[in-house]
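Data block below; observations after.
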Amino acid sequence: MSRRKILIARAIDPQVVAFLQQHFDVTTNAADTVWSPAQLAAQLQGQDGVLTTGSERIDAALLAACPQLKVVANMAVGFNNFDVAAMAQAGVQGTNAPDVLTETTADFGFALLMATARRVTESEHYLRAGRWTKWSYDMFAGAEVHGSTLGIIGMGRIGQGIAKRGAHGFGMNVIYHNRSRLSPALEAECKARYVSKDELLRTADHVVLVLPYTAENHHTIGAAELAQMQPTATLINIARGGIVDDAALAQALKAGQIAAAGLDVFEGEPSVHPALLTVPNVVLTPHIASATVATRRAMGRLAADNLVAVLGGQAPLTPVNAPDTTARAARWAV
């Protein structure tokens with residue numbers, strides 16, 4: 001019997017590619033081209049599965065054009081590139097890659113918080129420009145991290161990891177807002193106290209965003225929310241672009257409405273709002289919160305394991321939808 005065929009939509013760790021080649025006929029994208037929707041549909045012809053990275057939009061139009069496609073495995077915890085309802089209706093299984101990036105992403109979120117609070121980017125640019133000629137008591141004086149109030153919006157696994165780092169490592173007072181409150185045991189473990197979103201914005205010295213992108217969460221932080229924050233506060237976004245109104249944030253930073261921001265994700269990335277590039281009090285990184293060799297490999301391997309499971313007739317390890325059974329049977333008959 002011929003082997004199943006899969007597409008790897010972007011360049012990924014070679015070890016993961018080699019693993020997949022043991023199980024499938026694999027088409028790779030070694031050039032790491034970001035395909036247009038039409039190009040992706042063309043590449044998916046005759047493919048049973050695809051490993052995606054978040055750059056590839058999986059929607060009703062693409063699914064209709066690819067009747068043999070059975071499973072889409074995202075090597076990220078987020079899956080806002082999936083039209084989940086359309087995938088379920090079409091009988092296509094979707095999966096993501098949670099858990100394996102939790103600690104690495106929490107590490108980076110805290111690193112971004114510290115770089116923002118202590119004005120690392122501003123001071124490095126100042127030094128590199130040859131402007132450092134003497135010491136002064138207030139040169140790049142930033143905000144305290146230890147003992148300050150850390151506000152986390154989105155208290156899933158990564159949010160909890162950041163809370164623990166702040167509370168246990170830096171003696172921070174941790175408050176959080178979430179769609180649902182944590183259990184008392186988890187709150188105690190994180191040393192975190194549940195508050196309303198308004199109270200968090202008013203009282204936190206550092207606000208960290210770690211919530212998934214949904215239509216309801218679009219612009220969770222906009223002009224009104226920025227106006228509630230303290231002028232000495234910082235804002236950190238390691239969630240998804242669109243959680244923050246980037247234009248409003250740039251204006252708030254320029255006006256000194258908040259002290260600084262650290263951003264790893266952006267609306268319309270890899271494009272960045274031009275105004276954010278003109279304000280000095282923002283740390284900008286290109287969506288690298290999970291970027292360690294070991295973690296990116298683990299993300300790819302979990303996506304690969306999902307492909308092996310589903311195309312081998314087993315249940316997915318980390319499903320994000322429940323495909324319509326009739327539509328699923330029709331695809332498997334192709």
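The values are calculated or read from the model by the stated rules, or taken from the named source; none is laboratory data. None of these values were measured; they are calculated from a predicted model. Please note: Cβ atoms are built from the backbone with ideal geometry, for glycine as well, and neighbour counts cover all protein chains shown. In case anyone asks, the SASA skips ligands and DNA or RNA and just uses the protein heavy atoms, side chains included. Shrake-Rupley method; radii C 1.70, N 1.55, O 1.52, S 1.80 Å.
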Limited to segment 282-295, what total is found for residues that are outside any loop (DSSP other than H, G, I, E, B) and open to solvent by 70 Å² or more (accessible area, probe 1.4 Å)?
2
Those residues of segment 5-32 that are surrounded by fewer than 14 Cβ atoms within 10 Å (Cβ to Cβ) and within 24 Å of the chain's Cα centre (by Cα) come to a total of 5
Need pairs with beta-carbon distance below 8 Å; first residue of a type in the set (K, R) and within segment 253-276, second surrounded by fewer than 21 Cβ atoms within 10 Å (Cβ to Cβ); sequence gap 6+ or separate chains.
K254/A275; K254/T278; K254/V279
Is there any pair linking a residue in segment 25-49 that is within 13 Å of A11 (Cβ to Cβ) and hydrophobic (A, V, I, L, M, F, W, C) to one that is open to solvent by 50 Å² or more (accessible area, probe 1.4 Å) and outside any strand (DSSP E or B), with Cβ under 7 Å and at least six apart or on different chains, and which?
A30/A11; V34/S55; W35/Q43
Quick check on my filter: what residues within segment 157-210 are open to solvent by less than 60 Å² (accessible area, probe 1.4 Å) and basic (K, R)?
R165, K197
Of all residues making up segment 122-156, the number that are of a type in the set (S, T, N, Q) and out of contact with any strand residue (DSSP E or B) (no Cβ under 7 Å at 6 or more places or on another chain)
3
Condition met for G159 (part of a strand (DSSP E or B), among the small types (G, A, S) and touching a strand residue (DSSP E or B) at 6+ places or on another chain (Cβ under 8 Å)):
no
Please go through segment 227-241 and give me each residue that is touching a residue at least 40 places away in the same chain (Cβ under 8 Å) and not aliphatic (A, V, I, L, M), ordered by number.
T232, T234, R240
Q257 being among the polar types (S, T, N, Q), surrounded by fewer than 17 Cβ atoms within 10 Å (Cβ to Cβ) and in contact with a helix residue (DSSP H, G or I) (Cβ under 9 Å, 6 or more places away or on another chain):
no
Restricting the first residue to segment 84-98 and requiring it to be surrounded by fewer than 17 Cβ atoms within 10 Å (Cβ to Cβ), which pairs with a second residue that is in a helix (DSSP H, G or I) meet a Cβ separation below 9 Å and a spacing of at least six or different chains?
A85/A60; Q89/A60; Q89/L63; Q89/A327
Check off (1) over 21 Å from V71 (Cβ atoms); (2) buried (at least 17 other Cβ atoms within 10 Å of the Cβ) for A129 and give me the number that stays unchecked.
(2)
Looking at segment 45-62 only, could you name the residues that are under 17 Å from A86 (Cα atoms), touching a strand residue (DSSP E or B) at 6+ places or on another chain (Cβ under 9 Å) and open to solvent by less than 30 Å² (accessible area, probe 1.4 Å)?
G49, V50, T52, E56, I58
Any residue in segment 198-216 that is polar (S, T, N, Q), at pLDDT 95 or above and in contact with a strand residue (DSSP E or B) (Cβ under 8 Å, 6 or more places away or on another chain)?
yes
Return the only residue of A248, A252, A223 being closer than 25 Å to N281 by Cβ and exposed (fewer than 15 other Cβ atoms within 10 Å of the Cβ).
A223
Residue, nearest to R118 (Cα to Cα), within segment 296-328, restricted to residues that are open to solvent by 60 Å² or more (accessible area, probe 1.4 Å) and either without any contact (Cβ under 8 Å) to a residue 12 or more places away in the chain or in a helix (DSSP H, G or I) (or both)
R296
